[in-house]
1. Express as a percent, rounded to the nearest 5, the fraction of DSSP beta bridges in the chain (both residues included) that run antiparallel.
2. For ALA71 and ASP204, calculate 0.36 nm times their separation in residues minus their Cα-Cα distance, and state this gained length in nm to one decimal.
3. Rounded, prolate or oblate: which fits the range 204-332, taking a ≥ b ≥ c as square roots of the Cα gyration tensor eigenvalues, rounded meaning a/c under 1.5, else prolate when a/b beats b/c?
4. Ignoring ligands, DNA and RNA, what percent of the 1.4 Å accessible area of the chain is carbon and sulfur?
5. Heavy-atom accessible area per residue, the chain, 1.4 Å probe: how many Å²?
6. Let's test the formula: R0 of 41 Å, r as the Cβ-Cβ distance of LYS324 and ARG221. What FRET efficiency results, to the nearest 0.05?
7. Under a plain spin-label model, where a point goes 7 Å from the Cα along Cα-to-Cβ, how far apart in nm are SER304 and LYS252?
8. Each residue of the range 176-193 in turn: what ³J(HN,Hα) in whole Hz from Karplus with 6.51, -1.76, 1.60 and θ = phi - 60°, glycine and Pro shown as x?
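The values are calculated or read from the model by the stated rules, or taken from the named source; none is laboratory data. Because the structure is a prediction, the values reported are computed rather than measured. With ideal geometry, Cβ positions are generated from the backbone for all residues, glycine too; neighbour counts draw on all protein chains shown. Note: accessible area is taken over every heavy atom of the protein model, side chains too, but ligands, DNA and RNA are not part of it. Shrake-Rupley method; radii C 1.70, N 1.55, O 1.52, S 1.80 Å.
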Amino acid sequence: MNRLSNFTTLGVGGPALKIVHAHSEDELVQFVKAADEANEPVLILGGGSNLLISDAGFAGTVIRVESKGNALDYDACSGGMIEVSAGEDWDKFVALTIEKGFADLESLSGIPGTVGGAPIQNIGAYGHEASETIARVRVYDRKVKEIKTFAAADCKFGYRESIFKSEKDRYVVLSVTFQLRKGEQSLPITYAELAKHLGVNIGDRAPVKTVRSAVLELRARKGMLLDSSDKQIMSAGSFFVNPIISKADADKLPADAPRWPQPDGKVKTSAAWLMEHAGVAKGEKLAGAQISERHVLALTNSGSAKAEDIVKLAKTSQKRVMEKFGIELKAEVQLIGLDLN
Ligand SMILES: Cc1cc2nc3c(=O)[nH]c(=O)nc-3n(C[C@H](O)[C@H](O)[C@H](O)COP(=O)(O)OP(=O)(O)OC[C@H]3O[C@@H](n4cnc5c(N)ncnc54)[C@H](O)[C@@H]3O)c2cc1C
């Protein structure tokens, strides 16, 4: 039962020395303090939807975050401030906000995992990121052994980045406070595929509930919604981040390669496009690992994969992209006891 494959959406990962379940914020802090005092390695586990854990497992204490609860402080001028415990399910929370008449999280519908996992890599989808709505993050700081609150401006949010990710193993997210508008219209639609699906122009708004349904539909088509009955969906979502490269390197790419200019003058391109144009094919298999039949960026467990198989498939994809375009694909998924070098 201590096998971590039972706790990850990829369904791989060997045994943990110990797994404890933190049902409250107090328990979470106590478990972390106790493990730190005993000098045991700690792995904080949310929904396991962004993790690739080695077949050897984890030689330490895995602390699963299962704290629940949210507190709504609504005022008509500034909208709602909602503090949510780290162990709440992300998509259930998004659905609840919409049911209660709040807007702004609709584009992030259907992302698996916990609320506490959301600020770690600043989850994003369909043109929006969690950082647009996060007001505060309460954490336990393992270095100074104190509970702290980060204002959004101090979280160093970027594309799939935050201080909680860059200062690895230092902060345990206890709760996240979101500031949401009360309203029925979505944030502006900035993602071309979503705008097309909704029949609106880029920059338009649409009813929040319609946007949520559209996002869920698009995600289901791509195998980007969790569904335990569907093996094509045993993945950790996008395996690689979209590379951000210099303008000079972007100019060397073929004319039809996606290019999204960044505020610092660099250019973001599409990892999926690079993979497909470097010969990585949907459905391609390597032992038990498989490139999803629906989305080239999702590396899946076809049923019997070991972590080692997923790593080999990831390295093969990286190598092809490097050989064809000279661009290094970097993992979005957090690797535990493994690396891609
Ligand atoms: C089908 C699918 C689709 C996905 N689509 C998207 C998408 O569209 N956009 C996107 O951004 N991501 C996506 N993901 C990735 C993933 O869902 C998110 O990154 C999610 O936020 C991870 O949350 P989690 O609770 O599962 O974290 P886990 O996978 O359990 O952990 C991920 C990392 O966060 C750390 N962590 C988790 N909780 C805490 C905490 N409370 N305190 C401190 N550290 C913590 C862990 O130690 C680990 O390093 C997708 C994944 C899947 C499987």
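1. Working: 44 of 57 bridges.
Around 75 percent antiparallel, to the nearest 5.
2. Details: separation 133, 0.36 × 133 = 47.88 nm, distance 3.12 nm.
This chain segment gains 44.8 nm when fully extended.
3. Details: a/c = 2.41, a/b = 1.10, b/c = 2.20.
In terms of gyration-tensor shape, oblate.
4. Numbers: 7760 of 15440 Å².
With neighbouring chains kept in place, the figure for the chain is 50 percent.
5. For the chain, the per-residue accessible area is 45 Å².
6. Values: r = 27 Å, r/R0 = 0.66.
Rounded to the nearest 0.05, the efficiency is 0.90.
7. 4.2
8. Couplings: 10, 10, 10, 10, 10, 6, 8, x, 9, 9, 6, 5, x, 7, 10, 9, 4, 4 Hz.
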